[in-house]
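A.B. asks: Have a look at this one.
Read-outs: derived from the displayed coordinates by stated rules, not from any lab. Note that this is a predicted model, so its numbers are computed, not measured. Note: ideal-geometry Cβ built from the backbone for every residue, glycine included; neighbour counts use all protein chains shown.
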Amino acid sequence: MSRVILFNKPWGVLSQFTDDGPPREDRRTLAEFIDVPRVYPAGRLDRDSEGLMVLTDDGRLQARIANPRNKVAKTYWVQVEGLPSDDALAALRAGVALKDGPTRPARVRRMEGDPPGLWPRTPPVRFRKSVPDCWIELTIAEGRNRQVRRMTAAVGHPTLRLIRARVGDWTLDGLAPGRWRAV
């Protein structure tokens, strides 16, 4: 039977078990949090992003989740700079032009207040009194490099904080940052 682990990756943690980059003491990895042999991430989450990662020992499941051809939906809570207009949200829904080609249409909605169960981030997101921000929920079935950040920037609303809340049917519900559970 396949082993599946859900992990709430904190900000600043690499989505791999070893750091292949130049030696630096400030680069944390999954090994600091997960001591389970032979499980591997099914997809990546940038160092400056937070939230749900799925890890498994099943290569087929890993490929199904990670490969964009399989169109596994991933939902993100995105704190953006400014207050996106209906036109900006419609552009995300239609798909936006990026340097590496147009994105597929996304599901997107403005959130009322903070996401449920939101935890403080260390370090905190920069706050500017003169520039409002808001949260949107964005669901995509692709997985290009830094795609959500590039999409929100393309419609004029840079991402301030990015949390992956769902991968397929799996969610972050009840999972604190830095914690994992087997499913």
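A.B. asks: Taking amide H atoms as placed 1.01 Å from N in the peptide plane, list the residues 5 or more away in sequence, or in a different chain, whose amide H sits under 5 Å from that of Cys134.
C.D. replies: Val80, Gly82
A.B. asks: If you take all C-alpha pairs in the range 44-104, what percent of them are over 14 Å apart?
C.D. replies: Tail of the P(r) past 14 Å holds 72 percent of the pairs.
A.B. asks: Next question, about the same structure. So how many Lys-Lys pairs in the chain land under 23 Å Cα to Cα, not counting same-chain pairs under 8 apart? Could you put the intermediate results ahead of the total?
C.D. replies: Numbers: Lys9/Lys71; Lys9/Lys74; Lys71/Lys99; Lys74/Lys99.
Summing the qualifying lysine pairs gives 4.
A.B. asks: Here's another thing I want to ask about it. So what are the radius of gyration and Dmax for the Cα set of the range 77-154, in Å?
C.D. replies: Calculated on Cα positions, Rg and Dmax stand at 13.1, 35 Å.
A.B. asks: Let me ask something additional. Scale the Cα Rg of the range 144-183 by the rule-of-thumb value 2.2 N^0.38 Å and send over the ratio, two decimals. Provide the component values of the computation, followed by the final result.
C.D. replies: On the way: Rg = 13.3 Å, N = 40, 2.2 N^0.38 = 8.9 Å.
The reported ratio for this selection is 1.49.
A.B. asks: Please report, in cubic angstrom per residue, the volume enclosed by the convex hull of the alpha-carbon atoms of the range 1-107.
C.D. replies: Values: hull volume 15.7 nm³, N = 107.
Enclosed volume per residue, from the Cα hull, is 146 Å³.
A.B. asks: Moving to a separate point now. Using only the alpha carbons of the chain, what is the convex hull's orientation-averaged projected area in square nanometres?
C.D. replies: Numbers: hull surface 45.1 nm².
It is 11.3 nm².
A.B. asks: Along Cα→Cβ, 7 Å out, is where each label goes; now give me the distance between the ones at Asp169 and Ser130 in nm to one decimal.
C.D. replies: Going from the Asp169 label point to the Ser130 one covers 5.1 nm.
A.B. asks: Among Ile34, Ile136, Val125, whose Cα lies farthest out toward the positive end of the dipole of the chain, if unit charges sit on the beta carbon of Lys, Arg (+1) and Asp, Glu (-1)?
C.D. replies: Ile136
A.B. asks: Still on this model: Quick one: what are the phi-derived ³J(HN,Hα) couplings along the range 118-123, Karplus 6.51/-1.76/1.60 with θ = phi - 60°, whole Hz, x for glycine and proline?
C.D. replies: The phi angles translate into 4, 9, x, 9, 10, x Hz.
A.B. asks: Please work out the Cα convex hull volume for the range 22-67 and give it in Å³ per residue. Numbers along the way, then the final one.
C.D. replies: Values: hull volume 4.9 nm³, N = 46.
It is 106 Å³ per residue.
A.B. asks: Listed highest first by mean packing, meaning other Cβ atoms within 10 Å per residue, what order do 31-42, 5-16 come in? Intermediate values should be presented prior to the final figure.
C.D. replies: Working: 31-42: 14.8, 5-16: 19.9.
So the peptides 31-42, 5-16, ranked by packing, come out 5-16, 31-42.
A.B. asks: When the chain is fully extended, how far beyond the present Cα-Cα distance does Met1 get from Ser85, taking 0.36 nm per residue of separation?
C.D. replies: On the way: separation 84, 0.36 × 84 = 30.24 nm, distance 4.71 nm.
Residue separation times 0.36 nm, minus the Cα-Cα distance, leaves 25.5 nm.
A.B. asks: Another one. Determine the dipole magnitude for the chain: charges of +1 sit on the beta-carbon of Lys and Arg, -1 on that of Asp and Glu, nothing else is charged, the reference point is the Cα centre, and the result goes in debye to the nearest 20.
C.D. replies: Values: 32 positive and 22 negative charges, 74 e Å.
Once rounded to the nearest 20, the dipole reads 360 debye.
A.B. asks: Using a Gaussian network model of the chain whose springs link C-alpha atoms within less than 10 Å, name the residue from Val96, Val54, Val125 with the highest mean-square fluctuation.
C.D. replies: So, out of Val96, Val54, Val125, the one fluctuating most is Val125.
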